[in-house]
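The values are calculated or read from the model by the stated rules, or taken from the named source; none is laboratory data. Given the structure is predicted, the values throughout are model-derived calculations rather than measurements. Heads up, the Cβs are rebuilt from the backbone with ideal geometry, glycines too, and the neighbour counts pull from every protein chain shown. All accessible areas refer to the heavy atoms of the entire protein, side chains included, with ligands and DNA or RNA removed. Shrake-Rupley method; radii C 1.70, N 1.55, O 1.52, S 1.80 Å.
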Amino acid sequence: MKQRIVITGAAGFIGSHLSEALLDRGYQVIGVDNLLTGDVANIAHLYNRDFTFVKHDVTNYIYIDGPVDFVLHWASPASPIDYLELPIQTLKVGALGTHKALGLAKAKGARFVLASTSEVYGDPLEHPQKESYWGNVNPIGPRGVYDEAKRFAEAMTVAYRRYHGLDTKIVRIFNTYGPRMRVNDGRAVPAFISQALRSEDVTVFGDGTQTRSFTYISDLVDGIIRLMLSTMNDPINIGNPREMTIEQIARAIIQATGSTSHIVHGPLPTDDPKVRQPDITRARTLLGWEPKVSLEEGLVRTIQYFKEKVG
Ligand code: NAD
Ligand code: UDP
């Protein structure tokens, strides 16, 4: 009997890659998504495999027939422009959706993995960020709808572990990029690639000295699956520790696309974190995980995908 995995947010960027990787490893996958920010085009190629798609809003009761071995809760808007446009849905899926997904795992005796985020660290006062850091989040700022929803989701996940004895895991994902991000997603890498391929100005917000650490999607998926199969229950950072400024990533993308675009500066969004870099000692020592794909190689693969999408 194949093990069965429910993935919420399966039609999204990460959810679709995760579904595919788990099918490749011999699992049966049930993808649940309401297509709020996802697209069936991301999973259409999985329909002839051991994959079932259920269109459903996971803030409502999730009904799945038969046994379930793992519940992976990935549903949530993730791009700042998405969660600024969808503040209530973002809070609801982080709070009510996490509660429903945990309830499903409890009912089925399944193991549970929460997609959390480096945003729980907010605009961090500790650098690089270790899992022990509690964060610096503005609860009433525009990003609060996402950051606080994820912090609540972590608290709810830990409560199910402590109170119900559920086997739960929490992955704190740092900025991840790759094919299947939307052209108009608004996050830095897809925005800069689309602009560069169209020879438009590349829009760096602020003076561009703020930093991020970018992880290629296949490295992230490898880390998630290692965590899923581990005995770890504490939160774990998965992210590439190679930190760079936003100006540097913009220049790298202009160079990699061979574009004639120029960088223009716009206003820095409210509460935009100034630095972000994961300390991955825990992932290295407890999961044996290391990122393998260089930024240069990851950009080549991502640009290839965007060339087909950008008209
Ligand atoms: P995405 O927008 O591509 O995917 C999110 C998916 O969730 C979409 O398919 C969307 O339709 C679905 N969804 C949203 N609300 C739902 C609901 N109520 N019911 C059912 N489905 C719903 O974003 P992504 O980048 O793939 O992010 C996926 C997860 O990973 C999110 O939980 C996000 O917070 C987390 N994450 C992503 C990153 C990153 O860099 N991509 C970083 C940190 C955390
Ligand atoms: N950013 C930018 N131009 C864009 C999109 C984003 O300069 O067109 C900046 C943004 O202000 C932030 C960084 O790039 O400092 C990463 O933004 P992203 O939306 O990718 O993710 P975040 O880490 O802020 O959640």
For residue 258, indicate whether it is in contact with an Asp or Glu (Cβ under 6 Å, 6 or more places away or on another chain) and farther than 18 Å from residue 74 by Cβ.
-> no
So which residues in segment 84-100 are open to solvent by 30 Å² or more (accessible area, probe 1.4 Å) and under 21 Å from residue 169 (Cα atoms)?
-> 91, 92, 96, 99, 100
Just one of the numbered conditions (1) open to solvent by 20 Å² or more (accessible area, probe 1.4 Å); (2) over 26 Å from residue 127 (Cβ atoms); (3) modelled with pLDDT under 95 is not true of residue 185; which one?
-> (1)
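Answer yes or no as to whether residue 301 is assigned to a strand (DSSP E or B) and at pLDDT 95 or above.
In short, no.
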Tabulated pairs, segment 276-300, first under 11 Å from residue 214 (Cα atoms), second surrounded by fewer than 21 Cβ atoms within 10 Å (Cβ to Cβ) and charged (D, E, K, R), C-beta under 7 angstrom, 6+ apart or interchain | 277/243; 291/219; 293/219; 295/242
Which residue pairs have Cβ atoms under 7 Å apart, sit 6 or more places apart or on different chains, and have a first residue in segment 216-244 that is more than 17 Å from residue 131 (Cα to Cα) and a second that is within 16 Å of ligand 2 (Cβ to nearest atom) and part of a loop (DSSP other than H, G, I, E, B)?
-> 216/178; 217/178; 219/240; 243/277
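Here is a yes/no grid of residues against (1) modelled with pLDDT of 95 or more; (2) within 6 Å of ligand 1 (Cβ to nearest atom); (3) in a helix (DSSP H, G or I):
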| position | (1), (2), (3) |
| --- | --- |
| 21 | yes, no, yes |
| 30 | yes, no, no |
| 35 | yes, yes, no |
| 62 | yes, no, no |
Across segment 161-179, what is the number of residues that are away from ligand 2 (no atom under 16 Å from the Cβ), crowded, with 22+ Cβ neighbours inside 10 Å and either over 17 Å from the mean Cα position of the chain (by Cα) or under 17 Å from residue 79 (Cα atoms) (or both)?
-> 1
Only one of 215, 168 that is within 30 Å of residue 287 (Cβ to Cβ) and within 12 Å of ligand 1 (Cβ to nearest atom) | 215
Does segment 111-145 hold any residues that are in contact (Cβ under 8 Å) with a residue 24 or more places away in the chain and open to solvent by 20 Å² or more (accessible area, probe 1.4 Å), and which are they?
-> 111, 123, 127, 128, 130, 131, 138, 142, 143, 145
What about residue 12, is it surrounded by 17 or more Cβ atoms within 10 Å (Cβ to Cβ) and within 22 Å of residue 183 (Cβ to Cβ)?
-> yes
Single residue of segment 249-293 satisfying the filter (assigned to a helix (DSSP H, G or I) and touching a Gly at 6+ places or on another chain (Cβ under 8 Å)) that is most open to solvent (accessible area, probe 1.4 Å) = 287
For residue 103, indicate whether it is crowded, with 21+ Cβ neighbours inside 10 Å and more than 16 Å from ligand 2 (Cβ to nearest atom).
-> no
Leading residue by the ranking (most open to solvent (accessible area, probe 1.4 Å)) among those in segment 208-241 that are assigned to a loop (DSSP other than H, G, I, E, B) and within 10 Å of ligand 2 (Cβ to nearest atom) = 209
State which residue pairs qualify: first residue of a type in the set (Val, Ile, Thr) and inside segment 69-84, second residue open to solvent by 20 Å² or more (accessible area, probe 1.4 Å) in any location, beta carbons under 7 Å apart, and separation of 6 or more residues or different chains.
-> 81/186
Examine segment 46-58 for a residue that is more than 19 Å from residue 182 (Cα to Cα), within 12 Å of ligand 1 (Cβ to nearest atom), among the basic types (Lys, Arg) and surrounded by fewer than 17 Cβ atoms within 10 Å (Cβ to Cβ), and state whether such a residue exists.
-> yes
